[in-house]
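This report refers to the structure that appears directly beneath it.
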Amino acid sequence: MQFDTSKYLRCLKTKNLGKNIIYLNQTSSTNDEVWNHLKNNNHIVVVTENQKKGRGRRNSNWLSLREKSLTFSLGIQLNKSNSSLIPLISSIAIYNAINDICKINIGIKWPNDILCNDKKIAGILIESKLKKSKMIFNIGIGVNVNWDKNDIISSNLPNISSISLEIEEKIMREIILSNFMLQMENLLLANNEEIIHQWLARCMHINKNIKFHYNNEIIHGLFMGIDSNGFAKIESKNNKQIFSSGVIEL
């Protein structure tokens, strides 16, 4: 069933965030649409059924399926002082949005992938620009909502799943998006210490051995958590290091 913006707006419980929405049947990228339409608005949400050139992290492609994926981008302008932990805030918000509705076994993989039973069900790509005293964030999110087994097989992607496969029922995408906006609005009011605490409570690999891909190097080590900037703390061969980017393999 096509995404219903009127149903989404009826479900929306925010004071402001998420009310300025654009629905597109098809686009190359919702992130690109945000840059084209944000302009003088303090925020904008772009949702599409068919994203032709979805981008993932590290130049990968993000696959979305018509009427089965939740594919959207949130563009938002924030003061620089409260914008440093947007990657963590975004991942907590989509975690909460899914978990509150579905109660499934999900966790966050640093920095902001959402996994269910060790299989990816949602990903986030964040772009940003500095405009005078404000940071503009373009938060692109894809959620595998109502994919079935055949969709997973035909995607030819390793270690992925969907919400409906995990709970064995279909979910309204409008409810997930409206709940995400409420979670974001609340989290943007939280202090950094609370954000760090919430993220750590939802991370699935705290104090676990991981394989960490950094540039062309592979590091085997213990994931010890994150610092006040959200950077990964990894101990390898009794050497503690901090990384602002990279890919964790569990």
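Taking K and R as +1 and D and E as -1, what net charge do the other residues with C-beta under 13 Å from the C-beta of SER236 add up to?
Charge balance near SER236 sits at +2.
Could you tally the net charge around VAL34, taking each other residue with its Cβ under 12 Å from the Cβ of VAL34, Lys/Arg +1 and Asp/Glu -1? Intermediate results must be reported in sequence, preceding the final value.
On the way: positive: LYS39, LYS129; negative: ASP32, GLU33, GLU127.
That sum, taken over residues with Cβ under 12 Å, equals -1.
Can you give me the relative contact order of the stretch 135-192 as a percent, contacts being Cα pairs under 8 Å and 6 or more apart?
It rounds to 29 percent for the stretch 135-192.
Project the alpha carbons of the stretch 140-181 onto their principal axes and report the range along each, largest first, in whole Å.
Projected onto its principal axes, the Cα set of the stretch 140-181 covers 31, 25, 12 Å.
Longest exposed-loop-site-free stretch of the chain, with trypsin sites (Lys or Arg not before Pro), DSSP loop and at most 15 other Cβ within 10 Å?
Details: sites that count: LYS13, LYS15, LYS19, LYS39, LYS52, LYS53, ARG66, LYS103, LYS132, LYS170, LYS237.
Longest stretch, sites excluded: 171-236.
In Å, what Rg and Dmax follow from the Cα atoms of the stretch 65-107?
In Å, with Rg to one decimal and Dmax whole: 13.3, 38.
Stretched out fully, how many nm does the piece from GLU235 to ILE167 gain, at 0.36 nm a residue minus the Cα gap?
On the way: separation 68, 0.36 × 68 = 24.48 nm, distance 3.60 nm.
Full-extension gain reported as 20.9 nm.
Can you give the FRET efficiency for LYS119 and ASN79, using 1/(1 + (r/R0)^6), R0 = 30 Å, r = Cβ-Cβ distance, to the nearest 0.05? It would help to have the intermediate numbers written out before the result.
Values: r = 37 Å, r/R0 = 1.24.
About 0.20, to the nearest 0.05.
Which residues among the stretch 102-117 fall inside the zone where the amide N is under 11 Å from a point 7 Å beyond the Cα of ALA201, along Cα→Cβ?
Zone members listed by number: none at all.
Treating cross-link reach as a plain straight distance, find the lysines whose alpha-carbon is under 23 Å from the alpha-carbon of LYS208, omitting any fewer than eight places away in the same chain.
Within the straight-line cut-off, LYS208 pairs with LYS109, LYS119, LYS120, LYS233, LYS237, LYS240.
Need the list of lysines near LYS13 for cross-linking: C-alpha distance under 21 angstrom, and skip anything on the same chain fewer than eight residues off.
Cross-link targets: LYS103.
Determine one quarter of the surface area of the Cα convex hull of the chain, which equals its mean projected area, and express it in nm² to one decimal.
For the Cα atoms of the chain, the hull's average projected area reads 13.2 nm².
Please compute the modelled spin-label separation between ASN159 and SER133, points set 7 Å along Cα→Cβ, answer in nm with one decimal.
4.4 nm
Nearest 0.05, what FRET efficiency do SER245 and ILE101 give at R0 = 25 Å with Cβ-Cβ as r?
My answer for the efficiency is 0.20.
So if each residue of separation counts as 0.36 nm, and I subtract the Cα-Cα distance between ASN191 and ASN16, what length gain in nm does that give? Intermediate results must be reported in sequence, preceding the final value.
Numbers: separation 175, 0.36 × 175 = 63.00 nm, distance 1.96 nm.
Net length gain for the segment: 61.0 nm.
Taking all protein chains in place and a 1.4 Å probe, what share, in percent, of the accessible surface of the chain do carbon and sulfur account for?
The value for the chain is 45 percent carbon and sulfur by accessible area.
Stick to Cα atoms and the Kirkwood definition of Rh, then tell me Rg/Rh for the stretch 96-209.
0.99
Please state the relative contact order of the stretch 7-136 as a whole percent: Cα pairs under 8 Å, 6+ residues apart?
For the stretch 7-136, the relative contact order is 19 percent.
Can you list the HN-Hα couplings for the stretch 103-111, worked out from phi with the Karplus curve (6.51, -1.76, 1.60; θ = phi - 60°), rounded to whole Hz and with x for Gly and Pro?
Listing the rounded values in order: 6, 10, 7, 10, x, 9, 9, 3, x Hz.
For the stretch 102-181, build the charge dipole from Cβ charges (+1 Lys, Arg; -1 Asp, Glu) around the Cα centre, then report which of LEU130, PRO111, ILE176 sits farthest towards its positive end.
LEU130
Once both labels are modelled 7 Å past Cα along the beta-carbon direction, what's the SER6-ASN50 spacing in nm?
The answer from the label model is 2.4 nm.
Given contacts defined as C-alpha pairs under 8 Å and at least six residues apart, what's the relative contact order of the chain, whole-number percent?
Once divided by the residue count of the chain, the mean separation gives 18 percent.
Inverting the mean 1/r over all pairs of different Cα atoms, compute the Kirkwood radius of the stretch 205-245 and quote it in Å.
Mean inverse Cα-Cα distance, inverted, gives 10.2 Å.
Mind ranking CYS203, CYS11 by accessible surface for me, highest first, 1.4 Å probe?
My answer, sorted largest first, is CYS11, CYS203.
Residues of the chain: accessible area per residue at 1.4 Å, in Å²?
For the chain, the solvent-accessible area averages 50 Å² per residue.
The values are calculated or read from the model by the stated rules, or taken from the named source; none is laboratory data. If you're wondering where the values come from, they're calculated on a predicted model, not measured in any experiment. Because the Cβ atoms are built from the backbone with ideal geometry, glycine has one as well, and the counts that use them run over all protein chains shown. In case anyone asks, the SASA skips ligands and DNA or RNA and just uses the protein heavy atoms, side chains included. Shrake-Rupley method; radii C 1.70, N 1.55, O 1.52, S 1.80 Å.
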